[in-house]
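> Pasting a structure below so you can have a look.
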Amino acid sequence: MGKRNSQKKNAAMLDSDDTDSISSSSSSVRFTNMVELGTEEREVDKDTMLDQWLDDLYEKRGSTREKALTSIIEAFNSSLQHEFIEKKFATLLHQCLTSVKKGSAKEVALASHAIGLLALTTGPGEKAQEILEESFSPISEALRLRPEMSKTSSLLECLAVITFVGGEGPEQTEKSMNIMWQVAHPKLGTNVSSSKTPPAVITMVVSAWSFLLTTLDGWALNPKTWQESVSYFSTLLDKDDRLLRIAAGEALALIFEIGSLEKFCGEANVSTNTPIEEGKDSRNLMHMHGLRNKVLGQVRVFAAEASSKGTAKKDLNTQKNTFRDILDFLENGYTPESSMKVGGESLNTSSWVQLIQLNFLKHFLGGGFVKHMQENQFLHDVFGFVPKKKSLSGVEHRMSGGAKRMYKSPNSTLNKARTQMLNKQRMLSQVVHPLCQSVHSPVTQ
């Protein structure tokens, strides 16, 4: 996977004489104050609107709660809501969990996504641990009931994200991975549907399971788990669904990256094993060698697959590129490298662990990925990413369509607060303007 090249825009610099500098300096002070006041105005609007949307989650009408959750998600994608979380963390979490327990499929999907965003925004710590502890049972129960596909996928994504952020050790991570595994391999009971699990849901199970596996050391899982997962993912490579095959292939590459065959067979303490245990380990090792050779043969086929009638060229190319990377890794030990630009800085990956983490979080955050990658300290730590420093001399405000409606609509319920801020702005401008003139007026000697 080659590195992507990106073009940098050149900035033109203009010279000016001393007189222009004095004039522009005075204008700059006024502009900076206006920008700060405008920012403060939007902050008031944003906080008040978030409070309103949070109140809407108490409404009886499901459509009202769905709209409120959609707006909250947009707000969390467009800006990291640290101040709001500091004040309303428990209330937001409680209401989202209520939606998970009692809402429609759409409401459950939205609430799950909001909980995941809440965890990513708070970052590791007591709040993230509380999110995982409070959410685990409701999410597990909702998954056990085998609801609609969109609902299941969102719940799986949410469980993966909150465990990734809030999990304190391998025990918690394995617990979440086991819940995911049961979605793909349901144990039938009185409250469990016997319908076949859709390929899209299995794809999400594999992706979410792999995402959490990136946080575990190779010795954390027992040999039986390793062998079962390799065998299962190998069978998924034979499925017709192309996205499922890609997810299974990447999961297998990850497994072989973080664990040696000895780990898969429990040979950590070979010197202390009894003859019977050594014989068992040897048989396990032979079995794993056989599985690895089977996987290698499957990967070779997909890396060289020719297009056929009815096959989308883009999908086929994606599969071929992925399996060529997997083949190169299994045969030669070369891990894939990727590079993308985020705010002018390169975000690089050089392992299956990093690539799977990046792709999963990009998919989960969607349009909010760039914002979080630029400002979320937790993601900086995960990927070792250092964002481009923001200029202190000016601020560029770019607003999405949703943000414009949020802050600029004349029909906004916050019009009164906006008017008060504008009045404050005018009063302060009258004070700042004479001050700027006195600061920049010529000094007589």
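> Take Pro223 and decide whether it is within 29 Å of Ala109 (Cβ to Cβ), at pLDDT below 90 and not aliphatic (A, V, I, L, M).
Numbers: within 29 Å of Ala109 (Cβ to Cβ): no; at pLDDT below 90: yes; not aliphatic (A, V, I, L, M): yes.
No.
> If you go through segment 227-245 one residue at a time, do you hit one that is closer than 24 Å to Leu118 by Cβ and at pLDDT below 95?
In the first step, residues of segment 227-245 are kept if they are closer than 24 Å to Leu118 by Cβ; the result is none.
Within segment 227-245 (the criterion being closer than 24 Å to Leu118 by Cβ and at pLDDT below 95), the answer is no, since none of the residues qualifies.
> Under 7 Å by Cβ, and 6 or more places apart or on different chains, what pairs join a residue from segment 97-109 that is more than 12 Å from Arg65 (Cβ to Cβ) and without any contact (Cβ under 8 Å) to a residue 60 or more places away in the chain with one that is open to solvent by less than 10 Å² (accessible area, probe 1.4 Å) and of a type in the set (S, T, N, Q)?
From segment 97-109, the pairs are Leu97/Ser135.
> Moving on. One residue is enough: does segment 347-364 have a residue meeting the conditions over 29 Å from Gly259 (Cα atoms) and of a type outside the set (A, V, I, L, M, F, W, C)? Give the steps one after another, and end with the answer.
Taking segment 347-364 first, the residues over 29 Å from Gly259 (Cα atoms) are none.
Taking every residue of segment 347-364 in turn, none turns out to be over 29 Å from Gly259 (Cα atoms) and of a type outside the set (A, V, I, L, M, F, W, C).
> Which residue, of Ala68, Ala75, Ala114, Ala90, is aliphatic (A, V, I, L, M) and closer than 19 Å to Thr163 by Cβ?
Values: Ala68 fails: closer than 19 Å to Thr163 by Cβ; Ala75 fails: closer than 19 Å to Thr163 by Cβ; Ala90 fails: closer than 19 Å to Thr163 by Cβ.
Of Ala68, Ala75, Ala114, Ala90, the one residue that is aliphatic (A, V, I, L, M) and closer than 19 Å to Thr163 by Cβ is Ala114.
> What is the one condition in (1) modelled with pLDDT of 95 or more; (2) open to solvent by 90 Å² or more (accessible area, probe 1.4 Å); (3) among the basic types (Lys, Arg) that Lys416 does not satisfy?
Every condition holds for Lys416 apart from (1).
> List pairs: first in segment 281-302 and within 16 Å of Asp238 (Cβ to Cβ), second open to solvent by less than 40 Å² (accessible area, probe 1.4 Å) and among the small types (Gly, Ala, Ser), Cβ under 8 Å, 6+ apart or cross-chain?
Leu291/Ser234; Lys294/Ser234; Val295/Ser234; Gln298/Ser234; Val299/Gly249; Phe302/Gly249
> Now for a different question. For segment 372-407, which residues satisfy the criterion of being open to solvent by 80 Å² or more (accessible area, probe 1.4 Å), over 15 Å from the mean Cα position of the chain (by Cα) and modelled with pLDDT of 50 or more? Walk me through how you get there before you give the answer.
Our first condition is that a residue be open to solvent by 80 Å² or more (accessible area, probe 1.4 Å); within segment 372-407, this holds for 377, 381, 386, 388-390, 392-393, 395-398, 404-405.
So of that shortlist, the ones also over 15 Å from the mean Cα position of the chain (by Cα) come out as 386, 388-390, 392-393, 395-398, 404-405.
Residues satisfying the conditions are Val386, Lys388, Lys389.
> If a residue must be open to solvent by 40 Å² or more (accessible area, probe 1.4 Å), at pLDDT 75 or above and either closer than 20 Å to Thr215 by Cα or part of a loop (DSSP other than H, G, I, E, B) (or both), how many such residues does segment 251-292 contain?
Number of matching residues: 1.
> Something else: Ala75 - would you say it is among the hydrophobic types (A, V, I, L, M, F, W, C), within 18 Å of the chain's Cα centre (by Cα) and open to solvent by 10 Å² or more (accessible area, probe 1.4 Å)?
The answer is no for Ala75.
The values are calculated or read from the model by the stated rules, or taken from the named source; none is laboratory data. For clarity, every value in this text was computed on a predicted model and none was experimentally measured. Don't worry about glycine lacking a Cβ; one is built from the backbone with ideal geometry, like all the others, and counts go over all protein chains shown. Heavy atoms of the whole protein, side chains included, go into the accessibility calculation; ligands, DNA and RNA do not. Shrake-Rupley method; radii C 1.70, N 1.55, O 1.52, S 1.80 Å.
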